[in-house]
Structure formats: structure tokens, C-alpha cells
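Worksheet: the structure to be examined is printed underneath.
The values are calculated or read from the model by the stated rules, or taken from the named source; none is laboratory data. These numbers come from a predicted model, not from an experiment. Here the Cβ positions follow ideal geometry from the backbone for every residue, glycine too, while neighbour counts run over all protein chains shown. Heavy atoms of the whole protein, side chains included, go into the accessibility calculation; ligands, DNA and RNA do not. Shrake-Rupley method; radii C 1.70, N 1.55, O 1.52, S 1.80 Å.
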Amino acid sequence: MESRDDELFDEITEVEDEISRFRSTTGNLQDYVAVLRWDPRSWLGGGWGSARAREMRRRRDVYLKKLNDDLDERIRNGTYKPCIQANVILDKEARLNKEELTSISLTMLSGGLDTITTLVAWAIALLAQRPDIQEKACGEIRQMYGEEQALCDAYDDQKCAYVVALVREFLRFYTVLRLALPRATVRDIVYEGVRIPEGTTVFLNAWACNMDAAIWPDPETFRPERWLETPDAPLFTYGLGYRMCAGSLLANRELYLIFMRVLNAFEIVKRTDVDAHPVSGSADPTSLVTMPRRYEVVFRPRNERALREALTRAEGEAKGQEKEEKEKEKVGGL
Ligand code: HEM
């Protein structure tokens, strides 16, 4: 997508948001009570919520096909940019079929979408009520970039220690996937004398681990400095082990850049009251990704002239890049 104004952007975010609600870990009783799966309405293709779920599935298939077809074409033309999906398609050893590739693009889409956006929504709610944290972060960023460079370098890879710590604290304090993702055991396991049979669904309570008083004396306080004092303390938000979040490094970099830019460019001022507490502020405790309630804030430019100049420059660079890519595509197509 070339722009956020592309209709496809709205379609993807709307459908993925809805699907995320269906995927609730605790909201779908039929996942846990087998008899409910025998609801005769589901044999007839009906049943509670099924029509809506089918509709979302249909809409999702349309954009997934489009995204994958576009990528296939760019690979054929030699104009694709390196990305995870292209690497998987081009991996000769993996030899994945269409269904497997679709499954991977599905995971990348839903894995990367509401996790990041939800965490940012919580973070902005908290920052609006904590001008002290905004000022501290802005001061640290300005030591590196000054007041005139409103948007930090896009290639800055986590050099500002305070913002790295701030992002880690957002990740810990809000743990947006509280129970990580359900996993099934692939063989019998004996744990503390109890046999857990193969095929058992297991949840990591990432939230409880992040709030463990054995690790932190003050787990319920939002305090970015803890990560400067103990940078190697464990963070459970991305899960653990070899099936932990495949996008964690990308997510860390994205979140870092978002806050580097937002905090240097704007002062965030609250317009409506919002409960930014991770438990009492949750909009729906049954949803897979824990979201805050709706709220309004004002983003007040700190230095409007410098920001306008930076945005104009960025737009010009993006247009230049776009032109370059179109020319490459033409050559590839020939
Ligand atoms: C704040 C951002 C994010 C959070 C909190 C998050 C969290 C998680 C968690 C808890 C898991 C399950 C780990 C486990 O079972 O141990 C997971 C899996 C996964 N995530 Fe993320 N994630 C985030 C961003 C992303 C992004 C940006 C992408 C990709 C672009 C991504 C792609 C994936 C994939 C592909 C998996 C499945 C890995 C597997 O099954 O082997 N995630 N994520």
C-alpha cells in the first residue's frame, strides 16, 4: 500500500479487528465444552455468530489473495523488496503449498496488527495522564536529535536508552496478549509428578509472569527506569521458547520509532477521562488482545514549523522512492 488512505487499509483493519474478537481465548465456550460443538444449527451452516464469521472469512480471503498475487507478480518481475513472505515463497527447501503460504500470511497480518495498535492505544492513554514521562522522554530524545529534527532518523535502531526502557515498560505493564497464544502439547509430559497428556491445550499466563513480585518489588507501578536498572530482566509479553513471537524484533523497532517520533513531535493532552489501568481500564476482558476503552486526546505540535518541514521532506522522499520503484517495475516488466 502506498498510503494509509488506500481503501485496502480500512478493509484490512476493520476485518482483522472483528476476527480478533472471534478469536477470544475465553469468549468461545464451544472451545472448552465439547457438547456445544454439536449444536445442530452449525450442521446446517448456521449457529450463533457463524454468518458474521463466514462473512469476515470471505472478506479476508479477498485481500489476502490480492496481497499474495501482487507479491507473486513483483517476484516474477524482480521488483519485490525483501520481506518475510517473499523469503518463505522463495525458500526452495520449504516447498510450501498455497494453503501453507496463506496460513503464514494470515499469521503475519493478525500477529502484527492489533498487538501493536492496541499497545500504542494503551500507551497514548497513559502518556496523556503522565506529562512527567512525556517531558522526560522528550528531553532524552532532544539530547540526540535537538528540537529542529522533529522526526528522528528512520534507521535509528534503539539508540535512545530511555525510550527503549519506556517501550519495554509499556510491553510489560499492558501485556496485550495476557494469555499469550494457546499451544498444544505434542507428547505426554510429567510436571511435578503430574502427567499432562499429549494434545493438552496449554496457556502461558504472560500477564502474571510480568507482574511477578519475585522479579519486581513494585510490579504494579509503571516505571520505565526499572529497565535501565535491570535491562536483562525477563519480559514475557512475546511468549517464550522456540515458538515465541516471530515478529518481536520488528515490533520492538516499530514501537521504538513510533514513540521517538510522536514524543519529540507532539505534546499529548487528554481531552476525555480514560482509565489507563491495565485491568480496570480493559474494554472487554474476554477479548484475545486486551484493549482500552475509547478515549480522545489532542496531539499538540511542539514545534509546528519544524514538524511541517520534516513531513514535507518525508513526503518528497517517499514520492522519489515511488518513482524509482515504478521505473524499476517497468524495466522488470519488459
Ligand atoms: C506488541 C507487539 C506484539 C506482541 C505483544 C506479540 C505477542 C505474541 C505472542 C505472545 C505470541 C505467542 C508466543 C508463544 O506462544 O509463546 C506471538 C506469536 C507470533 N507473533 Fe507476535 N506479537 C507482537 C507483534 C508481532 C508482529 C509485528 C509480528 C509480525 C509482523 C508478529 C508475528 C507473530 C507470529 C508469526 C507468531 C507465531 C509464532 C509461532 O507460532 O511460531 N507478532 N506474538
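The residues listed here are Phe259, Phe299, Phe236, Phe266; of these, the one that is surrounded by 12 or more Cβ atoms within 10 Å (Cβ to Cβ), more than 15 Å from Ala123 (Cβ to Cβ) and not β-branched (Val, Ile, Thr) is Phe236. What about Glu198, is it within 27 Å of Thr107 (Cα to Cα), assigned by TED's automatic domain parsing to the domain that holds Ile124 and either away from the ligand (no atom under 15 Å from the Cβ) or among the basic types (Lys, Arg) (or both)? When the stated conditions are applied, Glu198 passes them. Per the conditions (1) modelled with pLDDT of 95 or more; (2) of a type in the set (Val, Ile, Thr); (3) open to solvent by less than 70 Å² (accessible area, probe 1.4 Å), the sole criterion not satisfied by Val202 is (1). Any residue that is modelled with pLDDT under 95 and open to solvent by 50 Å² or more (accessible area, probe 1.4 Å) - is there at least one of those in the range 276-283? Scanning the range 276-283 turns up at least one residue that is modelled with pLDDT under 95 and open to solvent by 50 Å² or more (accessible area, probe 1.4 Å). Going by what's in this entry, would Lys81 be described as assigned to a loop (DSSP other than H, G, I, E, B), within 16 Å of the ligand (Cβ to nearest atom) and open to solvent by 30 Å² or more (accessible area, probe 1.4 Å)? Criteria met by Lys81. Quick check on Glu7: is it loosely packed, with under 11 Cβ neighbours inside 10 Å, over 26 Å from Ala283 (Cα atoms) and acidic (Asp, Glu)? Criteria met by Glu7. Contact map, the range 217-228: first residue more than 11 Å from Val167 (Cα to Cα), second residue surrounded by 12 or more Cβ atoms within 10 Å (Cβ to Cβ), Cβ cut-off under 6 Å, separation 6 or more or different chains; pairs are Pro219/Met211; Phe222/Phe173; Leu228/Ala165.
Please tell me if Arg226 is of a type in the set (D, E, K, R), open to solvent by less than 60 Å² (accessible area, probe 1.4 Å) and out of contact with any Lys or Arg (no Cβ under 7 Å at 6 or more places or on another chain). Criteria met by Arg226.
Val176 - would you say it is within 16 Å of the ligand (Cβ to nearest atom), within 21 Å of Cys138 (Cα to Cα) and either assigned by TED's automatic domain parsing to the domain that holds Tyr32 or open to solvent by less than 20 Å² (accessible area, probe 1.4 Å) (or both)? It is false that Val176 is within 16 Å of the ligand (Cβ to nearest atom), within 21 Å of Cys138 (Cα to Cα) and either assigned by TED's automatic domain parsing to the domain that holds Tyr32 or open to solvent by less than 20 Å² (accessible area, probe 1.4 Å) (or both).
A count restricted to the range 103-121 and to residues that are more than 6 Å from the ligand (Cβ to nearest atom) and over 18 Å from Leu8 (Cα atoms) stands at 5. Going through (1) of a type in the set (Val, Ile, Thr); (2) buried (at least 16 other Cβ atoms within 10 Å of the Cβ); (3) outside the structural domain of Ala128 (by TED's automatic domain parsing) one by one, Thr312 falls short only on (2). Of all residues in the range 184-199, those that are β-branched (Val, Ile, Thr) have Cβ atoms under 9 Å from Cβ atoms of residues that are open to solvent by 100 Å² or more (accessible area, probe 1.4 Å), 6 or more apart or on another chain, in Thr185/Glu198; Val186/Glu198; Ile189/Arg195; Ile189/Glu198; Ile196/Val190. Taking the criterion of being closer than 13 Å to Ser248 by Cβ and of a type in the set (Gly, Ala, Ser), the residues of the range 102-117 that qualify are Gly111, Gly112. Pairs meeting the criteria (first residue in the range 100-116 and more than 22 Å from Arg172 (Cα to Cα), second residue charged (D, E, K, R) and assigned to a helix (DSSP H, G or I), beta carbons under 8 Å, at least 6 apart or on different chains) are Leu106/Arg60; Leu109/Glu16.
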